[in-house]
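What follows is a set of notes on a single structure, which appears directly below.
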Amino acid sequence: MNQEPLWSIFIGSALINNFVLAYFLGLCPFLGVSGRLTTAFRMGLAVTVVMIIAAVCGYGLRWLLAVLNAPYLSLISLIAVIASTVQVVEMAVRKFSPALFRALGIFLPLMTTNCAILGSVLFQSNRGLGMVQSLVFAAGAGLGFTLALVLMAGLRERLGLARTPDVVRGTALTLVIAGILSMAFMGFSGLGG
Amino acid sequence: MSMGAAGTQTAATDGSAVPATDEFLKGVWKQNPVFVQVLGMCPVLAVSNTATNALAMGSATMAVLVLSNLAVSCLRQVIPPQVRIVTYILIIATLVTIVDHLIQAWSVELHRALGAFISLIVVNCLILGRAEALAAHSSPLRALWDALGMGTGFLLALFCLGAVRELIGSGSLFGVSVLGPQYQGWVVMMLPPGGFFVLAGWLMLFSWVGRPAHAVAAGLPDRASELGRKA
Amino acid sequence: MSGLTHTLLIRSSPHIHSGASVDRIMRHVVFALLPACGFAVWNFGWSALATLLTACLACGLTERWLVGSKGTFRRTGVSVLGSGDSSAARPGSLGQRWQTSRDPGDSRLGDGSVWVTGLLYGMTLPPALPLWMVVIGGVVAVLVGKWLFGGLGSNPFNPALVGRAFLQAAFPAAMTTWPAPSHGRLDGLSATTLTWPFGAPPAGSAADGMTAATPLASYQFDALSTGTWELYFGMTGGSTGETSAALLLLGGIYLAVRRMLDWRIPVAILGTVAVLSGSLHAIEPERFPDAFFMLGAGGLMLGAIFMATDMVTSPITHAGRVIFGILIGSLVFVIRVWGGMPEGVMYAILLGNATVPLIDRAIQPAVYGTRDRSRSITGFYRRLFGGLSIGSRRGAIGSVGPVGTRAVGSRPAPGDIGGVSEAAVAKPVTGNVAARKWGEPGSRGSVEQEAVGRGIGRMYAVVLGIGMICGVGIVAADYWTAPIIARQRAAYRLRAVLEVLPGAVRAIPFVETAGGKFQSVEGVEVASEVVFAGYDERGDLVGLALEAEGQGYQDRIRLMFGYAPDRAVILAMKVLASRETPGLGDRIESDPGFLANFGDLDVRLDDSGVNVANPIEWVAAGQRVNRWELDGITGATVTCRAVAEMLRDATAVWVPKLAARRQDFERTDGISGRE
């Protein structure tokens, strides 16, 4: 069992090894929905929620597969679990808060193919995190994802007014900003140690 | 961003009699999954820090892509449309698990270097995208050519990134020193920011050199593609 | 300090003209910086001057090249360059392709902002940095930091700091090599300055005593404080222009008095740092440096006064600027005190820059005379969280329409996932394609509806069948590869074990039994806590190999080390897994000096036999005196210290146990002669 302290796990997954800026996980939504601040923020929160739920399910699944001694089934069952988690979250949101459901729109179902979520569960199992540790890891990863997404959305909204050269329009510009953000996030290195 | 090229994709998929070479070449160049369509970014950036890793990752992705396209195309009459995505994911996850095992059996070091990113091939938008956009309603042969083309394009793109990053980052290629022992490596190229910058550089190069003429002529402004993304 | 005109151009009204032009402000900023620059030359010698001049020239020439390459737009009548120049770009040249699309030809060299960028950039560099690196950083600063974003007035990040951050990430060793101040002895250029382009700076410059740690570095790594007088007048090591806190402060006051700089930002930054360090120092003086030290050391003055105040990259409103300052101040404090790096001003300001659009959005001044709630702060948060404004997204939801509606149906599982993920796939496949594809779902839609009516049962059957086939495929693959994988893994581990136990040709895994004894588990699969015993050709015990794990600079490090019980030393170390910085932290795997530590690293037990007599300690490179000390690698302090701590903890646990049960591992019959 991994003995890492919780705060170190949290800072590690949120800032030092930010999912987008250090692991490149979840780049599709990062490039795709970082155009507007409000949607970016909601997307980030939705991802965080799903990540936390998936962490719990993933932990249960790990335990189950260990009991069954069938580690080779982990990937296929994880992806199934994530797909159903997304489904359940979507139905729950639709039932309890139709307004939020409409606001999130297409971004909820998008999450099945979000590699940040699968990545977060895979990392938890690779590092042998316990239940609480997995939860903290997922929360940190989700909030770090949200932070990166929101920062990027703010910058992109502002650059909507800028006279950027043609060749850097669109994805290339987003990637340049991501690169600079990634360099800035390197400042957090070593915070856990 | 050349959405113009991506636009032609729909036209191409609708046409039935496309020569195999065209089917192959469009994935390599005109609709290159990385440089033109900007798909499957996560492995592209994460494991392209050396040319070796990039080639290994590219080959693994290509293998899964070819097999999944073939499987989906063969089963296209059988799979009920409502559950096709679930089925695709099942197929892809199976293939990825098998590829993962094969890589482990081949070299533990390589498996360590690629880490969790092999498993993440499952959620590579490129593979699911090709299954859905083409293989689901094409003959196995066409799906095969398409997968080979897209896979090669992906592999080449990864190699372009990996080679630049390794060459500038440590002055070597495939671990063999190229620029001499005195060369001072740019560590940043091996780090995440370098991945972002090099990919941005390639995209700029592509949109500067390879901007399809019809996109300019049709006045497809980049804003539109951005809005398309947002919508 | 740049872009006042553009700032006003893209912001909302009112457009008040204060009489200050960009040109004039830039001139005064240069005046304010000159004393500190002059002091830098006095303090560090000609290398500092060369660095500053090269930095300015690199930035200036890059800007000139970029502006020149946009020259095709001269025909719009906009004079691009201040004075007539001959670098008009030819039609079809680089310039025409790299045109800006909206308001072309609007970047200027004449406003002088690029010289300020260059000067500030030069001031943040170590004085003896190889000049070719200075040039590269300068090009990055202007090209990536400013021009890619559309030039002055649009750049979200401080260009000088973008250039510096790039260098810091690219050449971490060179960027943390600080020459000792020469205090007015203006002898020749230092050896590293004139390094051949793209070549590594001459090695050994660290060892010849010509370097000095910065005050922050010596505080963090050696717990040494620096005298206040030296600190404030800058008689210390450090970046070219950052050492003299007092002169920088004077320059800042000059600018603030002339109203060319908003005092709120530096005051907020410095105040935050002072309050945080002051209060924590009062609580725990041993752990936290005092406020005077924190304010005067490192690049805080330079950053707070001249970099964070950049008008383009700081918030518009006064309140926003105070928040911005507090944020940067806190980040500086956190990174300096708890981070892995001694200095964090650069990162703090870049992170602050990234939050500026958010701050500006959150603190939007209400338009005079209106009470538009959506523009107020509460409105901002309401929009962020609740947001019922879905009209603009109707298109997106519409496109999910046929599928989505069906998904509401009572039958949740497979149909829904299918329908939902359809949208999921459509999205990542770049908006445009998706929109077109799903724009014509007619045929597919009708097919689906038919299918829904007909074959729910068939649907389940097919999914189940394919699932079964997949499961069988996976199991078969696992069955076939499992033995090969196990063999590969064992070989890999054996290689690692033999590498850390020089002379061994054979290794046997042992586990600790409940009784504290060690038992051979050869051929048995075990999960954890394994000790490997290595034997030489004659079957004699060479040593024991153990794994250790700990937090490194980036992530957890796992390593294996060999322990020889008879000599009570550590024989060798091999890194099994690490994500340390390439070229810096990962040198623990390759640096000959570091690896030479092992071989006779002392882990003797004390007289009681339950403690290691001298716990392994980390010392700076070249400082090893005792056999239990671990020589560090210059520039990789954190990683080396982590390795030392991991070894110390692992040996404290294992060495007493293993030494006591040494007989468990001694050669047994049947071992010798094999392999």
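The values are calculated or read from the model by the stated rules, or taken from the named source; none is laboratory data. Being a predicted model, the structure only gives us computed values, none of them experimental. Virtual Cβ from ideal backbone geometry, glycine too; neighbours counted across all protein chains shown.
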In the range A:58-79, the residues that are surrounded by fewer than 18 Cβ atoms within 10 Å (Cβ to Cβ), of a type outside the set (Phe, Trp, Tyr), free of Cβ contacts under 8 Å to residues at least 12 places away in the same chain and part of a helix (DSSP H, G or I): A:60, A:64, A:66, A:67, A:68, A:71
Restricting the range B:36-91 to residues that are more than 10 Å from every other protein chain (Cβ to nearest Cβ) and in a loop (DSSP other than H, G, I, E, B), the residue that is nearest to residue B:150 (Cα to Cα): B:76
Some residue of the range A:159-168 being at pLDDT below 80, within 7 Å of chain C (Cβ to nearest Cβ), surrounded by 20 or more Cβ atoms within 10 Å (Cβ to Cβ) and assigned to a helix (DSSP H, G or I): yes
Cβ pairs under 7 Å, 6+ apart, first in the range C:249-264 and within 20 Å of residue C:326 (Cβ to Cβ) and in the same structural domain as residue C:317 (by TED's automatic domain parsing), second hydroxyl-bearing (Ser, Thr, Tyr) and part of a loop (DSSP other than H, G, I, E, B): C:261/C:309; C:262/C:309
Test: residue in the range A:65-81 that is under 13 Å from the mean Cα position of the chain (by Cα) and within 22 Å of residue C:467 (Cα to Cα): no
All helices (runs of 4 or more DSSP H) inside the range C:174-283 with 1 or more residues being acidic (Asp, Glu) and farther than 17 Å from residue C:304 by Cα: C:215-222, C:228-233
Residue in the range A:129-149 that is closer than 22 Å to residue B:194 by Cβ and at the interface with chain C (Cβ under 7 Å from one of its Cβ atoms) present: no
From C:276, C:302, C:248, C:270, residue being surrounded by 24 or more Cβ atoms within 10 Å (Cβ to Cβ) and within 22 Å of residue C:218 (Cα to Cα): C:302
Any chance residue C:598 is assigned to a loop (DSSP other than H, G, I, E, B) and within 30 Å of residue B:110 (Cα to Cα): yes
Conditions (1) more than 10 Å from chain B (Cβ to nearest Cβ); (2) of a type in the set (Ser, Thr, Tyr); (3) buried (at least 24 other Cβ atoms within 10 Å of the Cβ); number of the one not met by residue A:34: (1)
Members of the range B:172-212 found to be touching a Leu at 6+ places or on another chain (Cβ under 8 Å), within 13 Å of chain A (Cβ to nearest Cβ) and of a type outside the set (Phe, Trp, Tyr), listed by number: B:187, B:192, B:195, B:198, B:199, B:200, B:203
Matching entry among C:630, C:576, C:647 (being under 30 Å from residue A:183 (Cα atoms) and either under 28 Å from the mean Cα position of the chain (by Cα) or outside the structural domain of residue C:126 (by TED's automatic domain parsing) (or both)): C:576
Flag for residue C:659 being surrounded by 15 or more Cβ atoms within 10 Å (Cβ to Cβ) and of a type in the set (Gly, Ala, Ser): yes
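Every residue, every condition in (1) farther than 21 Å from residue A:28 by Cα; (2) at pLDDT 90 or above; (3) among the aliphatic types (A, V, I, L, M); (4) surrounded by fewer than 23 Cβ atoms within 10 Å (Cβ to Cβ), yes or no:
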site: B:137; (1), (2), (3), (4): yes, no, no, yes
site: B:148; (1), (2), (3), (4): yes, yes, yes, yes
site: B:153; (1), (2), (3), (4): no, yes, no, no
site: B:157; (1), (2), (3), (4): no, yes, yes, no
site: B:160; (1), (2), (3), (4): no, yes, no, yes
site: B:182; (1), (2), (3), (4): yes, no, no, yes
site: B:212; (1), (2), (3), (4): yes, no, no, yes
Single residue of the range A:14-31 satisfying the filter (more than 20 Å from residue A:124 (Cα to Cα) and within 10 Å of chain B (Cβ to nearest Cβ)) that is farthest from the chain's Cα centre (by Cα): A:31
Residue count, the range A:37-57 (criterion: more than 9 Å from every other protein chain (Cβ to nearest Cβ) and surrounded by fewer than 24 Cβ atoms within 10 Å (Cβ to Cβ)): 6
Failed item, numbered, when residue C:254 is tested on (1) of a type outside the set (Val, Ile, Thr); (2) under 20 Å from residue C:338 (Cα atoms); (3) buried (at least 16 other Cβ atoms within 10 Å of the Cβ): (2)
Failed condition for residue C:340, given (1) modelled with pLDDT under 90; (2) assigned to a helix (DSSP H, G or I); (3) under 27 Å from the mean Cα position of the chain (by Cα): (2)
Residue selected from the range C:452-468 under the condition in a helix (DSSP H, G or I) and within 8 Å of chain B (Cβ to nearest Cβ), by the criterion farthest from residue B:93 (Cα to Cα): C:452
Some residue of the range A:117-139 being in contact with a strand residue (DSSP E or B) (Cβ under 7 Å, 6 or more places away or on another chain), crowded, with 20+ Cβ neighbours inside 10 Å and touching a residue at least 60 places away in the same chain (Cβ under 8 Å): no
Selection status of residue A:135, at pLDDT below 85 and out of contact with any Phe, Trp or Tyr (no Cβ under 7 Å at 6 or more places or on another chain): no
Some residue of the range C:251-261 being in contact with a helix residue (DSSP H, G or I) (Cβ under 8 Å, 6 or more places away or on another chain) and modelled with pLDDT under 80: no
